[in-house]
Amino acid sequence: MAKKNTTLPAIIVMFALFFMIAFVTNFAGSMGVIVTNQFGASKALSQLGTLANFIAYACMGIPAGIILKRKGYKFTALAAVIVGLVGVAVQWIAGPAESFLVYVIGAFIAGFSMCMLNIVVNPMLNTLGGGGNKGNRLIQLGGSCNSVGGTIAPILLGYLVGGEVSSATVADAAPAMIIAMAIFALAAVIIALTKIPEPHMETPEEKAARKAGNVAKDPHGPLSFRHFVLGAVAIFFYVGIEVGIPNAANLYYSASWLGPALTGTMIGAYWFCMMLGRLGGGAIGGKVSAKAMLSVTSALAIVFLVCFIFIESAGVKVNLFGNEMPLALVFITLCGLCTSVMWGAIFNLAAEGLGKYTAPASGIFMTLVCGGGIIPFLQGLLADAIGSVQSYWFLVACLLYLVFYAVAGSKNVNTDIKVD
C-alpha cells in the first residue's frame with residue numbers, strides 16, 4: 001500500500017500530461033477545417049498543421065530520448081510543457097497576423113512538446129504499472145485521459161466556428177488556444193512541485209564515464225530486437241490511422257450539408273469512444289493480453305471502415321438525437337472503440353523485454369509517431385485525387401499491417417541479448 005501511495009502523485013501527473021497531448025494534437029487536426037476556408041488550402045494542404053506537428057516527432061524523437069536518459073523524467077516533462085506553451089502561443093499569433101506560415105510554425109513547435117511528453121508518459125506508466133499486462137493496463141487508463149482531451153478539442157473548435165465553414169478564421173479558435181496555454185502553465189507548476197521517480201536516468205558513474213569517454217560501445221541496442229523494429233513501424237501506421245480516420249471525415253462532412261458544428265460533435269464522439277475503449281481496456285488489461293487486444297481491434301476497425309466506404313457511397317441517413325446524420329459517420333465514430341487500445345498494446349508489445357534499452361527505444365518509438373502527420377497528408381493527396389471516401393482504403397491497408405504485427409511480428413525472437 002505504501003508503494004502505491006508514493007507512486008500515485010506521479011501517476012496523476014502522467015495522466016494529466018496524456019490529456020494535454022490529445023487536446024493540443026487534436027486541436028491541430030481540427031484546424032484543417034478553418035485553414036481550408038481562410039487560406040484556400042486543398043485537402044492535403046489542410047493537413048499541413050498536423051503534418052508539421054508530427055514531423056517534429058521525427059526531428060525530436062531520438063534527442064528527446066537522450067534528454068530523458070541524461071536529465072530524467074521530471075526535467076523532460078517540465079521542458080516539454082514550456083515548449084508546448086510557446087508553440088500554442090505562436091499559433092495564437094497566427095490569428096491576428098492572418099498567416100498560414102505562422103500557424104504551421106506554431107504547430108511544428110507544439111509537436112516538439114508532444115513528442116517529449118509522449119516519451120515521458122508511456123515508459124513511466126509502463127514502469128509504474130510493473131510492465132507486462134499490468135503496465136499495459138496503466139497505459140490504457142492513462143489513455144482514457146488522453147481521449148478526454150481528444151473529445152473536447154474538436155467539439156470546442158466546431159462550436160467556436162459555428163454552423164458555416166465559409167466564415168471560419170484562425171481568430172475564431174483563439175479561446176481554445178488560450179485554454180491550451182493556461183493548461184500548459186498550470187502543468188508546469190504541478191510538475192515542478194511533484195516528486196517523480198527516475199528509474200531510467202543515468203547513474204553518476206555512467207555520467208562520469210560518458211564525460212571521460214570511457215563508455216564501452218554496446219554491440220546491441222533497441223534495433224537489435226526484431227519485435228521492437230516491427231513495433232516501431234506499427235506505431236507509424238497506427239498514429240496515422242488514429243488521426244486520419246477523424247481528420248478526413250471532419251473535412252469531408254464539415255464542407256457538406258452537415259456543417260462544422262454537427263460534424264465536430266460527431267468527431268468528438270469518435271474520441272469519446274476512444275475514452276470508453278481505453279477505460280474498458282484498462283479494466284481488462286490485467287487479464288487480456290496486448291496481443292489479443294491489438295489483433296481483435298485491428299480486424300474490427302477494418303470491418304467498420306469497409307462499412308463506412310460502402311454505406312456512404314449509398315447515401316444512407318439516420319436520425320440521431322433529433323438531427324439527421326449520415327449513417328456512415330456512425331461507423332467512423334465506432335472506430336474510436338478500436339483505435340482506443342492500439343497505442344498501449346503496441347507500446348507494451350514492442351517494449352517488452354528491452355530492459356536497459358527502454359529509454360533509447362522510447363526515443364526511436366516516438367520518432368516513428370511522425371506517421372500521424374505523414375499518413376493523413378498522403379490520405380489527403382488521395383482524397384484530392386480519388387475522393388475523400390475512397391481514400392479510406394489506404395487506412396484499411398495500414399490496419400492489415402497491425403493485424404500482422406499482433407499475430408506474428410510481436411514475438412520477441414532475440415531473448416539471447418542481455419538487457420540488465
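The values are calculated or read from the model by the stated rules, or taken from the named source; none is laboratory data. A quick note: this is a predicted structure, and the numbers were derived from the prediction, not measured. For neighbour counting, all protein chains shown are included, and Cβ atoms are generated from backbone atoms with ideal geometry for every residue, glycine included. Protein only, heavy atoms only, side chains kept; ligands, DNA and RNA dropped before computing areas. Shrake-Rupley method; radii C 1.70, N 1.55, O 1.52, S 1.80 Å.
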Treating only the Cβ atoms of Lys and Arg (+1) and Asp and Glu (-1) as charged, compute the dipole magnitude of the chain about its Cα centre; round to the nearest 20 debye. 1340 debye
Given the options ASP218, ASP172, ASP384, which has the most mean-square fluctuation in a GNM of the chain, springs set between C-alpha atoms less than 10 angstrom apart? ASP218
If you line up the long axis of helix 392-404 against the longest principal axis of the chain, both from Cα atoms, how many degrees apart are they, to the nearest 10? 30 degrees
If I model a spin label as a point 7 Å beyond the Cα along the Cα-Cβ vector, how far apart are those points for PHE321 and LYS418 in nm? 5.8 nm
Output the peptides 325-333, 91-99, 261-269 sorted from most to least packed, where packing is the average of other Cβ atoms within 10 Å over each peptide's residues. 261-269, 325-333, 91-99
Centroid-to-centroid separation of the stretch 27-93 and the stretch 358-376 [C-alpha atoms, Å]: 13 Å
How far is helix 290-314 tilted off the main Cα axis of the chain, in degrees rounded to 10, range 0 to 90? 10 degrees
If you place +1 on the Cβ of every Lys and Arg and -1 on the Cβ of every Asp and Glu, how big does the dipole about the Cα centre of the stretch 213-367 come out, in debye to the nearest 20? 380 debye
Could you pull the accessible area for CYS59 with a 1.4 Å probe, rounded to 10 Å²? 70 Å²
Listed pairs LYS69/LYS211; LYS217/LYS411; LYS74/LYS217; LYS195/LYS287; LYS74/LYS287; LYS287/LYS418 exceeding 24 Å between Cα atoms: LYS217/LYS411; LYS74/LYS217; LYS195/LYS287; LYS74/LYS287; LYS287/LYS418
Residue with peak Gaussian network fluctuation, the chain [Cα springs, cutoff 10 Å], from GLN47, GLN140, GLN390: GLN390
Relative contact order of the stretch 195-341, pairs being alpha-carbon contacts under 8 Å that are 6 or more residues apart, as %: 27 percent
Please determine, in degrees from 0 to 90 and to the nearest 10, the orientation of helix 226-254 with respect to the longest principal axis defined by the Cα atoms of the chain, where the helix direction is its Cα long axis. 20 degrees
Only Cα pairs within less than 10 Å get springs; with that Gaussian network setup on the chain, which residue of VAL243, VAL396, VAL316 has the largest fluctuation? VAL316
Report the label-to-label distance for ILE93 and ALA208 in nanometres (one decimal), using points 7 Å from each Cα along the Cα→Cβ vector. 4.5 nm
Residue order for HIS227, HIS220 - accessible surface, 1.4 angstrom probe, largest first: HIS220, HIS227
Protection proxy (average C-beta count within 10 Å per residue), highest first, orders 20-26, 116-122 as 116-122, 20-26
